[in-house]
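Shown next, in structure tokens, is the structure this report addresses.
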Number of protein chains: 4
Amino acid sequence: MEKKNEAAITIDPAKTALLMLHWQNDLATPSGKIAGNVLERLAAAHTIEHTQAVLKATREKGMLVIFVNGSHRPGYPEVSAKPSPLMDSLLRAGIGVRGSRGTEVIDQLKPLDDEIVVYNYSTSGFCYTDLDIILRNKGITDIVLTGLVTNWSVESTARDGANRGYFIYILKDCCNSLSDEMHNWTLTNILPVLGVVLDSKAYIAALQGQVR
Amino acid sequence: MEKKNEAAITIDPAKTALLMLHWQNDLATPSGKIAGNVLERLAAAHTIEHTQAVLKATREKGMLVIFVNGSHRPGYPEVSAKPSPLMDSLLRAGIGVRGSRGTEVIDQLKPLDDEIVVYNYSTSGFCYTDLDIILRNKGITDIVLTGLVTNWSVESTARDGANRGYFIYILKDCCNSLSDEMHNWTLTNILPVLGVVLDSKAYIAALQGQVR
Amino acid sequence: MEKKNEAAITIDPAKTALLMLHWQNDLATPSGKIAGNVLERLAAAHTIEHTQAVLKATREKGMLVIFVNGSHRPGYPEVSAKPSPLMDSLLRAGIGVRGSRGTEVIDQLKPLDDEIVVYNYSTSGFCYTDLDIILRNKGITDIVLTGLVTNWSVESTARDGANRGYFIYILKDCCNSLSDEMHNWTLTNILPVLGVVLDSKAYIAALQGQVR
Amino acid sequence: MEKKNEAAITIDPAKTALLMLHWQNDLATPSGKIAGNVLERLAAAHTIEHTQAVLKATREKGMLVIFVNGSHRPGYPEVSAKPSPLMDSLLRAGIGVRGSRGTEVIDQLKPLDDEIVVYNYSTSGFCYTDLDIILRNKGITDIVLTGLVTNWSVESTARDGANRGYFIYILKDCCNSLSDEMHNWTLTNILPVLGVVLDSKAYIAALQGQVR
């Protein structure tokens, strides 16, 4: 599998959207119900700071920014009677319920008033949501992924987005997971097969290269 | 095309859901922005009263009830730059914006606190919504349609639902449209090919037959 | 609902595809199992001849042409145990089985070797097919519809395509149905709300206007 | 994440389907264009023999068996102009073209005449195919996965199937990949979160437990 040369990356702000995946309080604040060790890992790797820089540069170009938050309807009617282990653990913990603070974006990366928040039920931003229709009707062909966690929301959205024909960029220092191994496995073995893995610096440089 | 005999209809409340389509203030209250002559037509045909009776009988059986309301995001990001005449007319009138009173269900048919409201952008309840995943995970195989207007929301949801393998019932006195011709054309020529057209009385009788 | 002025129509051949819907032997040859009176109606209205002219002009521009044919797997595994009246009638007649001559395009409108044929199970070209992924990955935003019958395949594909954000053109003299009433009802009341209804002459003129 | 106790597994043959994913000549015969070291790995782990036993036991119960094969249209019209690295490598190698021997199931696991083969373009069996409509209309709620390779077709279909509400079983000795690490990573870290990972022996025992 060849790797694209980062030097060659060009981002067209009119056809590219930044997706902010599951940057929500449940995962990334001290009171978050499933935060576990994620907080310490985010702090150690400065993941939130890198993502803030990306968000700022992206907004300056007037690019489309969409947030995707996990959010279940009260009573979880969208979960089957024989749930997956993943859904079962959410149900038992009673987390991710629509309208709860846990399903809102963390303060450091808050959406602007006119930015779009999509609520999903699963690890993919595309599954049973309006993400796809918004992207296509905005003329978006390329998507840039950041978020939590690398091997679930980011990877499932990358797999699903690539299957739908979107060109995928993954910002490796703007994602994190429960361990280095979890984070690095997919960045090394899976995501480079689906798109281009780059860091926030390279992305911002490519974005700014647009106006030269 | 054979017609099913209404006498033979059996409704299994565990596998059937009642869909309440676009029963929203924009269409069915005096202040509604696109109500036009619909109000008078609803009054003349007692459509709301028939639907109230259906809702009551359905709830008494503990059946799943789902409301589908048209509701656009502010700025209509989900509409393409070259919109259909239908979308163009919504945009020009500035109607159907999420959170507005016009997108809420009319008082006479108000959802209970634990009933589900799905927001859609189009004439089909299934398109880019979570309706399908809720129905399938609740074990629903049959859907009963009521709503406004017969030849748009009801018919598109019937076409789309039948294509997805749901068995469709259409309650003819619980729908209405802009004219008798609009209403009757689809009830006579299109909907009987996609499912079973019956009136509220026959539906309620079939529903109650379940416990005999 | 405003109507677009036909004079203003511009077709970009790089972003537009011609869809040829259910132009198959079952519907439009003397031996076709569900042809009924369609043959006489096609002859009287010169529908096939108009469509031949459209196909020729479209190919000359190098535009994408896609055929959609109804075609069921042997044994109809994709049909539910409680089929719609429409599916029930297909099953009883045993028609539309994949590989049968009835599911092939009629000789007069035969696909070229490199043209795409999509097989579908329902009245919509989009439902459970690869039509959408081909169109989007080819950069298509507008679709032009012809086919049989006006109020089923053409109308369902128009409803479904508009819901997915495609801009829709319907060529009124390149469709037909089981009666004038069936054909005209949707052309007058439904299709102009979803897109632009025009005749083959106006379409060909618009297409050729591209190179002036 | 709790693990389900294998002892408790019950398979209902009427509601469960066996999916045979990408068991095709390109991947698993000596002449296969992308077989690489997969052949030796299949031989060493007896993956094909385990899968043969599973297929036999499954057919004896009259369960639904569906094969999913990667198969592109000539000219790859379904691939975007800016393909993912994965698609780019397929295009350059010119593999997976519909009708080629490489896209057929290997002789050892050949479908019976009345078994269903679904052709897909991507790593998910669900994406732009008719798999979902066949499963739902056959009343299937649980799916059992085998195939090549563990971290692509099997994992993507597991992610996508779980998102659609199917309960997932993964047969760990009926999958394989390009390395032990690739194979084991997902079996250990990802797939147990999406469903139940078990071996062919445990599956066959559970299946036969049904008739006791």
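The values are calculated or read from the model by the stated rules, or taken from the named source; none is laboratory data. Just so it is clear, the model here is predicted, and its values are computed rather than measured. Backbone-built Cβ (ideal geometry, glycine too); neighbour counts: all protein chains shown.
Restricting attention to segment C:73-114 and to residues that are closer than 24 Å to D:TYR76 by Cα and touching a Phe, Trp or Tyr at 6+ places or on another chain (Cβ under 7 Å), the residue that is farthest from the other protein chains (Cβ to nearest Cβ) turns out to be C:LEU109.
Quick check: anything in segment D:56-65 surrounded by 15 or more Cβ atoms within 10 Å (Cβ to Cβ), within 14 Å of another protein chain (Cβ to nearest Cβ) and small (Gly, Ala, Ser)? Write out each step before concluding.
If we filter segment D:56-65 for residues that are surrounded by 15 or more Cβ atoms within 10 Å (Cβ to Cβ), which is where we start, we get D:57-58, D:61, D:63-65.
Now restrict to residues that are within 14 Å of another protein chain (Cβ to nearest Cβ): D:63-65.
Cutting the leftovers down to small (Gly, Ala, Ser) gives us none.
No, the conditions are met nowhere in segment D:56-65.
Please tell me if A:ILE116 is at pLDDT 95 or above, within 17 Å of the chain's Cα centre (by Cα) and farther than 25 Å from D:SER80 by Cα.
On the way: at pLDDT 95 or above: yes; within 17 Å of the chain's Cα centre (by Cα): yes; farther than 25 Å from D:SER80 by Cα: yes.
So A:ILE116 fits the description; yes.
When segment C:79-114 is filtered for residues that are touching a Pro at 6+ places or on another chain (Cβ under 9 Å) and buried (at least 18 other Cβ atoms within 10 Å of the Cβ), the ones remaining, listed by number, are C:PRO85, C:LEU90, C:VAL105.
Within segment B:171-192, the set of residues being within 11 Å of chain C (Cβ to nearest Cβ), buried (at least 20 other Cβ atoms within 10 Å of the Cβ) and not in a helix (DSSP H, G or I) comprises B:SER177 only. Scanning segment D:153-178 for residues that are more than 30 Å from B:PHE167 (Cβ to Cβ) and in contact (Cβ under 8 Å) with a residue 40 or more places away in the chain yields D:SER153, D:VAL154, D:LEU171, D:ASP173, D:CYS174, D:CYS175, D:ASN176, D:SER177, D:LEU178.
Have a look at B:GLY99, B:GLY75, B:GLY125 and point out the one that is under 30 Å from B:LYS15 (Cβ atoms), of a type in the set (Gly, Ala, Ser) and not in a helix (DSSP H, G or I). Give the derivation first.
Working: B:GLY99 fails: under 30 Å from B:LYS15 (Cβ atoms); B:GLY75 fails: under 30 Å from B:LYS15 (Cβ atoms).
Sole residue among the options that is under 30 Å from B:LYS15 (Cβ atoms), of a type in the set (Gly, Ala, Ser) and not in a helix (DSSP H, G or I): B:GLY125.
Of note, D:THR157 satisfies the criterion of being buried (at least 19 other Cβ atoms within 10 Å of the Cβ) and out of contact with any Lys or Arg (no Cβ under 6 Å at 6 or more places or on another chain). The set of residues from segment C:115-130 being more than 14 Å from chain B (Cβ to nearest Cβ) and either touching a helix residue (DSSP H, G or I) at 6+ places or on another chain (Cβ under 8 Å) or surrounded by 19 or more Cβ atoms within 10 Å (Cβ to Cβ) (or both) comprises C:ILE116, C:VAL118, C:TYR119, C:ASP130.
For segment C:20-48, the candidate set comprises residues that are at pLDDT 95 or above and in a loop (DSSP other than H, G, I, E, B); within that set, the residue that is surrounded by the fewest Cβ atoms within 10 Å (Cβ to Cβ) is C:HIS46.
Among the residues of segment B:133-155, the one identified as at the interface with another protein chain (Cβ under 9 Å from one of its Cβ atoms), in contact with a strand residue (DSSP E or B) (Cβ under 6 Å, 6 or more places away or on another chain) and either under 17 Å from B:SER122 (Cβ atoms) or in a strand (DSSP E or B) (or both) is B:ASP142.
Residues that are buried (at least 24 other Cβ atoms within 10 Å of the Cβ), touching a Leu at 6+ places or on another chain (Cβ under 7 Å) and part of a helix (DSSP H, G or I): does segment D:196-204 have at least one? Yes; the residues of segment D:196-204 include at least one that is buried (at least 24 other Cβ atoms within 10 Å of the Cβ), touching a Leu at 6+ places or on another chain (Cβ under 7 Å) and part of a helix (DSSP H, G or I).
B:ASP180 passes every criterion in (1) of a type in the set (D, E, K, R); (2) under 12 Å from the mean Cα position of the chain (by Cα); (3) farther than 15 Å from C:VAL193 by Cβ apart from (2). Taken over segment D:15-62, the criterion of being on the phi > 0 side of the Ramachandran plot and more than 15 Å from the chain's Cα centre (by Cα) is satisfied by D:GLY36, D:HIS46, D:GLY62. Do you know which residues across segment D:131-148 are at negative phi and buried (at least 24 other Cβ atoms within 10 Å of the Cβ)? Those that are at negative phi and buried (at least 24 other Cβ atoms within 10 Å of the Cβ): D:LEU131, D:LEU135, D:ILE143, D:VAL144, D:LEU145, D:THR146, D:LEU148. On inspection, A:ALA158 fails the criterion of being more than 14 Å from the chain's Cα centre (by Cα), of a type in the set (Gly, Ala, Ser) and part of a helix (DSSP H, G or I).
Which residues, counting only those in segment A:12-59, are over 20 Å from A:ASN151 (Cα atoms) and of a type in the set (Ser, Thr, Tyr)? Those that are over 20 Å from A:ASN151 (Cα atoms) and of a type in the set (Ser, Thr, Tyr): A:THR16, A:SER31, A:THR58.
Among B:SER31, B:SER71, which is the only one that is in contact with a strand residue (DSSP E or B) (Cβ under 6 Å, 6 or more places away or on another chain) and small (Gly, Ala, Ser)?
Numbers: B:SER31 fails: in contact with a strand residue (DSSP E or B) (Cβ under 6 Å, 6 or more places away or on another chain).
The unique qualifying residue is B:SER71.
Which of the residues belonging to segment C:161-170 are in contact with a Lys or Arg (Cβ under 8 Å, 6 or more places away or on another chain) and either outside any strand (DSSP E or B) or within 23 Å of B:ASN184 (Cα to Cα) (or both)? Explain how you work it out, then say what you get.
Of the residues in segment C:161-170, the ones in contact with a Lys or Arg (Cβ under 8 Å, 6 or more places away or on another chain) are C:164-165, C:167.
Passing the criteria: C:ARG164, C:GLY165.
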